[in-house]
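Here is the structure we will look at.
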Amino acid sequence: MPLLNKVRTAASGGFGGDTAHHSLTRLRSALTLFFALDGFLFAGWVVRIPAVKQQTGASAGDLGLALLGVSAGAVVTMTLTGRLCRRFGSHAVTVATAVLLSLSVALPALTRSPLALGLVLLVFGAAYGGINVAMNSAAVDLVAALRRPVMPSFHAAFSLGGMLGAGIGGLLAGSLSPTAHLLGLTVVGLALTAAAGPVLLRHTAPGRPESLPTRDAGNQRDAGRRSASGKPSRAARRTVLVFGVIALCTAYGEGALADWGALHLEQDLGAHPGVAAAGYSVFALTMTAGRLSGTLLLERLGQTRTLVAGGATAAAGMLLGALAPTVWATLLGFAVTGLGLANIFPVAVARAGAIAGPDGVATASTLGYGGMLLGPPSIGFLADWFSLPVALTTVAVLAAGAAAMGYWARNAGTRTAS
């Protein structure tokens, strides 16, 4: 166990600590780049969906079915990636799926029919789901080795990468064809993977310290202990599901605001289309800012208080955003919602991974991704039955539920080192 010993020495500042600390710093930088690359490539594809729709001659219904390929590929792969991480290591799987994601992002622009588009999006979705589980699994191990709650910083990199990818894609949309743009994304993705990949491949995942100090009392209790067979106990699996549902509640709100926030501002409040379009941007900006400050927040409050405070803040913000009678009050509500939701998903995934390793990350990520898929259609159905403002209050209800579940799981155990 030489690497584990180095990590412990580095944490205590003993002999050899500088070398181990430098190694962990390089791992953190490389892993941060992969999170940013994931957001960058996905956003770059999203902004070219209208052009690809026109190119393939797809109707709105055809496009909707084709886009289900991304979801189907992601969900299926997420359930399998945990096993791949256990067998080959999360670092190797992260690099492999980054290569696949970079290559597959160019495929939609090469299609000429809705059927072909749906098939290539299955591949793209598989790569997207795989890299999300693998890099989150690697991040969970690195967070434990660093003894600092830096998980939100990785997700902030994802958000920043997504904003950069969407911004550049919007600027290039008028001058570059979808083929040239998405092929350019492939080149960028492969180049960045070639730069950061060797760092991950040269270093195995850092070992977990046997005991990690935490502000949340009871984190080492039996709920997280592993059975003699090496698999998480039944109590641990139940706890992982709780954190997965917490991730679902967060992603539900993100998906709902992405698809319905602008429509609410324009349709219900009479906002100018430009102001309405800013609704999700405000939400995304405050979410990114919240994640950038997430490490400091976690160090001061601990995981449980961060979950509870975040859920309560998001619930209050979304009630304001859904029911406020003016545009600017609604925008303020969206901003507060972004701040509240910012760190719930990273903390939920980190806690699930600490309890059950890659399988825990896979479970929480799959449920979270399911929430993002569930949000928009659920809001649509409820808007038909009641109204859009009433439908958007479900985001507040689920955020409050996430806060309650976070408090209930405050004594959930963490996975002990083998």
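The values are calculated or read from the model by the stated rules, or taken from the named source; none is laboratory data. In this text the structure is predicted, and so the values were computed from the model without any measurement. Cβ atoms come from the backbone with ideal geometry, glycine included; neighbour counts cover every protein chain shown. With ligands, DNA and RNA removed, areas are computed over all heavy atoms of the protein, side chains included. Shrake-Rupley method; radii C 1.70, N 1.55, O 1.52, S 1.80 Å.
Here is the figure for the stretch 322-340: residues that are assigned to a helix (DSSP H, G or I) and either among the small types (Gly, Ala, Ser) or out of contact with any Leu (no Cβ under 9 Å at 6 or more places or on another chain) (or both) total 8. You will find that of 63, 68, 31, 3, the residue that is assigned to a helix (DSSP H, G or I) and modelled with pLDDT of 85 or more is 31 and no other. Count of the stretch 279-290 residues, restricted to those that are at pLDDT below 85 and surrounded by fewer than 19 Cβ atoms within 10 Å (Cβ to Cβ), is 1. Residue count for the stretch 360-386 under the criterion of being touching a residue at least 24 places away in the same chain (Cβ under 8 Å) and either in contact with a Gly (Cβ under 6 Å, 6 or more places away or on another chain) or not in a helix (DSSP H, G or I) (or both): the result is 9. For residue 275, the criteria (1) in a loop (DSSP other than H, G, I, E, B); (2) touching a helix residue (DSSP H, G or I) at 6+ places or on another chain (Cβ under 7 Å) hold in every case but one, which is (1).
Filtered by the rule that a residue be closer than 15 Å to residue 158 by Cα and not polar (S, T, N, Q), the stretch 284-326 gives 284, 285, 287, 289, 290, 291, 292, 294. Within the set 406, 360, the sole residue that is within 21 Å of residue 238 (Cβ to Cβ) and touching a Pro at 6+ places or on another chain (Cβ under 8 Å) turns out to be 360. In the set 164, 176, 142, only one residue is free of Cβ contacts under 8 Å to residues at least 12 places away in the same chain and either buried (at least 21 other Cβ atoms within 10 Å of the Cβ) or on the phi < 0 side of the Ramachandran plot (or both); that residue is 176. The set of residues in the stretch 64-106 being under 20 Å from residue 169 (Cα atoms) and without any contact (Cβ under 8 Å) to a residue 24 or more places away in the chain consists of 104 alone. Every condition in (1) in contact with a Pro (Cβ under 8 Å, 6 or more places away or on another chain); (2) surrounded by fewer than 17 Cβ atoms within 10 Å (Cβ to Cβ); (3) of a type in the set (A, V, I, L, M) is met by residue 120 except one, and the failing one is (2). Of all residues in the stretch 180-192, those that are open to solvent by 30 Å² or more (accessible area, probe 1.4 Å) have Cβ atoms under 6 Å from Cβ atoms of residues that are not in a helix (DSSP H, G or I), 6 or more apart or on another chain, in 183/106.
Can you confirm whether residue 271 is modelled with pLDDT under 90 and farther than 30 Å from residue 352 by Cα? Criteria met by residue 271. Scanning the stretch 85-101 for residues that are farther than 13 Å from residue 132 by Cβ and either within 21 Å of the chain's Cα centre (by Cα) or not in a helix (DSSP H, G or I) (or both) yields 86, 89, 91, 92, 95, 96, 99. Looking at the stretch 36-45, is at least one residue outside any helix (DSSP H, G or I) and not β-branched (Val, Ile, Thr)? Scanning the stretch 36-45 turns up no residue that is outside any helix (DSSP H, G or I) and not β-branched (Val, Ile, Thr). So how many residues does the stretch 63-84 have that are open to solvent by less than 60 Å² (accessible area, probe 1.4 Å) and of a type outside the set (Ser, Thr, Tyr)? So the count comes out to 12. Scan the stretch 104-121 for residues that are of a type in the set (A, V, I, L, M) and touching a helix residue (DSSP H, G or I) at 6+ places or on another chain (Cβ under 6 Å) and the total you get is 7. Just checking, does the stretch 350-372 include any residue being open to solvent by 30 Å² or more (accessible area, probe 1.4 Å) and touching a strand residue (DSSP E or B) at 6+ places or on another chain (Cβ under 9 Å)? Scanning the stretch 350-372 turns up at least one residue that is open to solvent by 30 Å² or more (accessible area, probe 1.4 Å) and touching a strand residue (DSSP E or B) at 6+ places or on another chain (Cβ under 9 Å).
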